[in-house]
Amino acid sequence: MSKVTLSVIKADVGGFVGHSSVHPNLLAAAKDHLETRGKGLLTDFHVGHVGDDIELIMTHSLGVDNEDIHKLAWDAFLAATAEAKKLKLYGAGQDLLSDSFSGNIKGMGPGVAEMEFEERTSEPVIVFMADKTEPGAWNYPLYKMFADPFNTAGLVIDPKMHKGFDFEVHDLIEHKKVVFHCPEEIYDLLVFIGAPGRYCVKSVYSRTLGEIAATSSTQRLNLMAGRYVGKDDPVMIVRCQSGMPAVGEALEPFSKPHIVAGWMRGSHHGPLMPCGAREAIPTRFDGPPRVVALGFQLCGGKLIGPQDFFADVAFDRARQIANEMADYFRSMGPFEPHRLGLEELEYTTMPDVLKRLAGRLVPIE
Ligand code: F6R
Ligand code: MG
Ligand code: MG
């Protein structure tokens with residue numbers, strides 16, 4: 001059996017209006033590019049969006065980190081950028097940090113989550129896409145999905161899940177990785193992933209099936225660019241059912257909005273609000289941060305879907321809670337913990353302010 005590769009590559013190449021959404025012309029340009037230039041490369045594709053980000057959801061048989069697929073995505077973003085420039089949309093081409101493509105799109109601005117696996121008899125997958133937050137935003141829901149029996153009944157009940165899952169965690173500052181075997185190492189795992197600004201769950205593997213179950217984008221654009229260019233609006237792929245979390249177990253962590261970093265100017269904590277693709281337009285204080293979940297059944301690599309899960313009324317209450325949390329956080333204005341801590345602001349205005357005040361900073365007697 002040949003394997004299928006699911007590649008989700010995302011970028012913000014221009015906002016409509018401001019940083020709130022994607023203009024339909026950009027989506028059309030990206031679709032058109034994948035349709036014409038993807039022939040012979042792609043098995044199928046879907047162009048999604050959340051806030052001001054475009055997500056290219058692609059299937060093929062070329063494996064992860066494939067140069068042709070990455071080039072195809074890069075050029076699709078260039079085509080969308082051309083439309084953004086035509087309409088003078090905001091921040092046209094903002095995530096494309098290089099003038100030319102150099103073999104692998106990683107490190108060039110766009111976010112990448114890819115996995116290669118043998119398509120099962122039936123292969124339900126969910127692509128989660130977030131705006132106005134950072135890759136560490138997936139730590140909490142991934143922990144709930146794959147390590148918390150109060151969230152995922154299958155960890156207790158399903159013999160194919162009972163042995164647990166391995167978590168591959170990346171240190172985004174020191175560029176190191178470590179694998180935790182769960183459940184026995186959940187306390188060690190939590191020491192790291194409880195600090196989502198630095199440690200991110202890159203992938204999760206089923207110990208019973210010996211297969212990849214989830215993967216996420218872990219780029220930090222602000223670190224790559226060497227100057228502050230916003231948060232990285234991450235994506236994540238989760239395989240579901242038959243030894244993986246049920247669709248409902250994968251969605252459940254989002255029923256209680258957790259607090260993420262991002263929101264206005266990438267510099268504030270706030271709730272991650274689950275919503276349907278049509279409602280994924282961050283408005284209030286450029287937010288609150290949004291997450292969309294698109295479900296697909298794979299069929300010989302074809303993407304049957306999407307199912308826009310968070311459009312469901314069952315997530316109305318989560319949205320209400322997120323709005324209440326937003327009221328509360330906003331009442332704190334420029335004070336921590338609504339505003340991010342100093343360590344994060346290091347990548348924003350703090351160094352400039354410190355430089356300007358250098359002469360006035362005197363020792364206390
Ligand atoms: C957050 C985001 C927005 C912008 C804000 C200011 O990730 O994209 O909140 O940071 O709208 O944008 P500029 O600096 O482009 O005016
Ligand atoms: Mg933007
Ligand atoms: Mg964005």
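A few remarks follow.
- Hydrodynamic analysis of the chain uses the Kirkwood radius over alpha carbon pairs. Inserted into Stokes-Einstein at 20 °C and 1.002 mPa s, it gives a translational diffusion coefficient of 103 µm²/s.
- With 32 Å as the limit, the listed pairs LYS202/LYS256; LYS160/LYS231; LYS86/LYS355 have LYS160/LYS231; LYS86/LYS355 beyond it between alpha carbons.
- Cα gyration tensor of the range 275-365 - equivalent ellipsoid semi-axes, whole Å, descending: 42, 19, 9
- In order along the range 156-166, phi translates into HN-Hα couplings of 9, 9, 8, x, 7, 10, 4, 6, x, 9, 9 Hz, rounded to whole numbers, per the Karplus curve 6.51 cos²θ - 1.76 cosθ + 1.60 with θ = phi - 60° and x for Gly and Pro.
- Under the shape rule built on the C-alpha gyration tensor, where the axes satisfy a ≥ b ≥ c, the range 82-192 is prolate, since a/c reaches at least 1.5 and a/b is greater than b/c.
- If only the Cβ of Lys and Arg carry +1 and only the Cβ of Asp and Glu carry -1, the dipole of the chain around its Cα centre is close to 640 debye.
- In the context of the full set of protein chains, the range 1-41 has a per residue accessible area of 44 Å² (1.4 Å probe).
- A 1.4 Å probe run over the range 313-365, with the rest of the protein chains in place, finds 78 Å² accessible per residue.
- Spatial separation of Cα centroids for the range 315-354 and the range 21-57, in angstrom: 32 Å
- Using a probe of 1.4 angstrom and keeping all protein chains present, the accessible surface of the range 75-155 works out to 36 square angstrom per residue.
- Shown for the chain: the carbon plus sulfur share of the solvent-accessible area, taken with all protein chains present and a 1.4 angstrom probe, equals 55%.
- Dipole magnitude (debye, nearest 20) for the range 289-365, charges at Cβ of Lys, Arg, Asp, Glu: 240 debye
- 222 nm mean residue ellipticity, helices alone, for the chain (DSSP H n ≥ 4; -39,500 (n - 2.57); rounded to 500): -7000 deg cm²/dmol
The values are calculated or read from the model by the stated rules, or taken from the named source; none is laboratory data. Note that this is a predicted model, so its numbers are computed, not measured. Reconstructed Cβ throughout: ideal geometry from the backbone, glycine too, with neighbour counts over all protein chains shown. Areas reflect the complete protein model, heavy atoms only, side chains present, ligands, DNA and RNA absent. Shrake-Rupley method; radii C 1.70, N 1.55, O 1.52, S 1.80 Å.
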